[in-house]
Amino acid sequence: IDWWPNARPYGYGEGQAPRVGAVMVTRESGYGHVAYVEAVNGDGTWIVSEMNFIGWNQVSRRTIRPGQVPLVGFIY
């Protein structure tokens, strides 16, 4: 979860809209979670790739719709 408060001091933009290449920050665990935004779809969903979400040391992809995850925001 430390990615979010540290993004701006290091010169990265933050926002609430997914963009290709952004880092999504969520509160999906006690430590928080980050994922890489690979695509943004016309229906408002976005596709992320991430590690350790489905299991330790495993890379996975998923499609997320608004309101589906406890979103903190996106780092650009």
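The values are calculated or read from the model by the stated rules, or taken from the named source; none is laboratory data. Keep in mind that this is a model prediction, so the values were computed, not measured. Glycine also receives a Cβ, built like all others from the backbone with ideal geometry; neighbour counts cover every protein chain displayed. Surface accessibility is based on the protein's heavy atoms, side chains included, excluding ligands, DNA and RNA. Shrake-Rupley method; radii C 1.70, N 1.55, O 1.52, S 1.80 Å.
Relative contact order, percent, of the chain when contacts are C-alpha pairs under 8 Å separated by at least 6 residues? It would help to have the intermediate numbers written out before the result.
Values: 151 pairs, mean separation 27.5, N = 76.
About 36 percent, as a whole number.
Grab the DSSP H runs of the chain that are 4 residues or longer, score each as -39,500 (n - 2.57), total them, divide by all residues and round the 222 nm result to the nearest 500 deg cm²/dmol. Before the final figure, lay out the partial values.
Numbers: 1 runs with 5 residues, N = 76.
Value at 222 nm, helices only, nearest 500: -1500 deg cm²/dmol.
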Per-residue ³J(HN,Hα) for the range 8-13, Karplus 6.51 cos²θ - 1.76 cosθ + 1.60, θ = phi - 60°, Hz, x for Gly and Pro:
4, x, 8, x, 9, x
Where the chain is the region considered: accessible area per residue in Å², 1.4 Å probe
64
Other-chain or far-sequence residues with amide H under 5 Å of Ala39's (modelled H):
Ile47
Which far-off residues, 5 or more places away or on another chain, put their amide H under 5 Å from the one on Gly73, with H placed in the peptide plane?
Val25
For the range 63-75, Karplus couplings with θ = phi - 60° (6.51, -1.76, 1.60), whole Hz, Gly/Pro x:
9, 10, 10, x, x, 7, 10, x, 6, 8, x, 10, 9
List the residues whose amide H sits under 5 Å from the amide H of Glu28, counting only those 5 or more places along or on another chain, with H placed 1.01 Å from N in the peptide plane.
His33
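Using unit Cβ charges (K, R positive; D, E negative) and no other charged atoms, how large, in debye to the nearest 20, is the dipole of the chain about its Cα centre?
On the way: 6 positive and 6 negative charges, 13 e Å.
Charge dipole of the chain: 60 debye, to the nearest 20.
Can you tell me how much longer the chain between Tyr36 and Gln58 gets when fully stretched, taken as 0.36 nm per residue apart minus their C-alpha distance, in nm with one decimal? If you can, show how the numbers build up before the last one.
Values: separation 22, 0.36 × 22 = 7.92 nm, distance 1.44 nm.
Between Tyr36 and Gln58, full extension yields 6.5 nm more.
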Carbon/sulfur fraction of accessible area - the chain, other protein chains in place, 1.4 Å, %:
53
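In units of 2.2 N^0.38 Å, what is the alpha-carbon radius of gyration of the chain? Write out the running numbers ahead of the final one.
Numbers: Rg = 11.8 Å, N = 76, 2.2 N^0.38 = 11.4 Å.
It is 1.04.
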Residue-wise HN-Hα coupling along the range 44-56, computed from phi with Karplus coefficients 6.51, -1.76, 1.60 (Hz; x: Gly, Pro)
x, 7, 9, 10, 10, 10, 7, 10, 6, 7, 8, x, 4
